[in-house]
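The values are calculated or read from the model by the stated rules, or taken from the named source; none is laboratory data. Remember, predicted model here, so these are calculated numbers, not experimental data. All Cβ positions, even for glycine, are placed from backbone atoms using ideal geometry, and neighbour counts span all protein chains on display.
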Ligand code: PAF
């Protein structure tokens, strides 16, 4: 496994890989956990070579979010990736990614609105900008992202389509199922912020979401199902709810009734020091 930090060695490494097969990209910000390794394992099934990018992207951090405190542990991350058969780690410096005077911003409207976009202004512009650059740098055949960040995935899919970053009719942006603990709680590095009691209470999130989905699919009014979901979360130990919404799965247009297109229930709620997010599919009418 090779690790490169600047563009020239990246380009020659990518050229060499492409001579012997297809390339899958797994973009990350490092501090890797089982969720990332699941993406890497899926990537290995989809292409001959896997490239993992590790870059803590300053553009996607807001002024009140502590960019400096974000964990940087490249050596540990590489030790996790090597046994997974990763061919190349692209770990650019900030200067390599954003040279002096960098002034371009990619804003994907619509899908970035509301949900996590409401509490993190500019966040999805930062994600879209860096992912667009990563696609141009690595020229992957496929790229894999976790479905846990559904809005991020929707933003990236929209951007890739709008900017012709992937071949037409090829589903090159692959969303990988959220990895869950045995009780159904989505795996997240944020779960580590929870006390044992809060972790036990966190199970209310997937169970209340499943109940809301069953209600909506069974014909209950969406507002009523979402209201019950919020009540269940508060009764179950959550302190507050940032959002609980039914949206079109692709365009993320808010829905107040069950539609005949794929839908997604998306929730962000706070418990203890953690803000947990989750999303699940809702079967169309
Ligand atoms: O999901 C992440 O880790 C980041 O948002 C991503 C996609 C690597 C872009 O920096």
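Restricting to the stretch 2-17, what's the tally of residues that are farther than 14 Å from residue 97 by Cα and either surrounded by 15 or more Cβ atoms within 10 Å (Cβ to Cβ) or without any contact (Cβ under 8 Å) to a residue 12 or more places away in the chain (or both)?
Matching residues across the stretch 2-17 total 7.
Residue by residue through the stretch 115-132, note down the ones that are more than 14 Å from the ligand (Cβ to nearest atom) and in contact with a strand residue (DSSP E or B) (Cβ under 7 Å, 6 or more places away or on another chain).
115, 119
Please determine, by comparing only the residues of the stretch 154-168 that are surrounded by fewer than 21 Cβ atoms within 10 Å (Cβ to Cβ) and either within 10 Å of the ligand (Cβ to nearest atom) or more than 18 Å from the chain's Cα centre (by Cα) (or both), which one is farthest from residue 247 (Cα to Cα).
If we take residues in the stretch 154-168 being surrounded by fewer than 21 Cβ atoms within 10 Å (Cβ to Cβ) and either within 10 Å of the ligand (Cβ to nearest atom) or more than 18 Å from the chain's Cα centre (by Cα) (or both), then 167 is farthest from residue 247 (Cα to Cα).
Residues being away from the ligand (no atom under 12 Å from the Cβ) and crowded, with 17+ Cβ neighbours inside 10 Å: count how many of those fall in the stretch 53-76.
Number of matching residues: 0.
Considering only residues that are part of a strand (DSSP E or B) and out of contact with any helix residue (DSSP H, G or I) (no Cβ under 7 Å at 6 or more places or on another chain), which ones fall in the stretch 227-244?
The answer is 240, and nothing else.
Any residue at all in the stretch 83-102 that's in contact (Cβ under 8 Å) with a residue 12 or more places away in the chain and within 30 Å of residue 244 (Cβ to Cβ)?
No; the residues of the stretch 83-102 include none that is in contact (Cβ under 8 Å) with a residue 12 or more places away in the chain and within 30 Å of residue 244 (Cβ to Cβ).
Would you tally the residues in the stretch 255-280 being in contact (Cβ under 8 Å) with a residue 60 or more places away in the chain and assigned to a strand (DSSP E or B)?
13
Go through (1) in contact with a helix residue (DSSP H, G or I) (Cβ under 8 Å, 6 or more places away or on another chain); (2) surrounded by fewer than 18 Cβ atoms within 10 Å (Cβ to Cβ); (3) assigned to a helix (DSSP H, G or I) and name the single condition residue 199 misses.
Unmet condition: (2).
Out of 87, 47, 43, I need the residue that is more than 25 Å from residue 187 (Cβ to Cβ), at pLDDT 95 or above, touching a strand residue (DSSP E or B) at 6+ places or on another chain (Cβ under 9 Å) and away from the ligand (no atom under 12 Å from the Cβ). Which one?
That would be 87, the only listed residue that is more than 25 Å from residue 187 (Cβ to Cβ), at pLDDT 95 or above, touching a strand residue (DSSP E or B) at 6+ places or on another chain (Cβ under 9 Å) and away from the ligand (no atom under 12 Å from the Cβ).
Hey, does the stretch 133-151 have a residue that's under 25 Å from residue 89 (Cα atoms), away from the ligand (no atom under 12 Å from the Cβ), in contact with a helix residue (DSSP H, G or I) (Cβ under 6 Å, 6 or more places away or on another chain) and part of a loop (DSSP other than H, G, I, E, B)?
no
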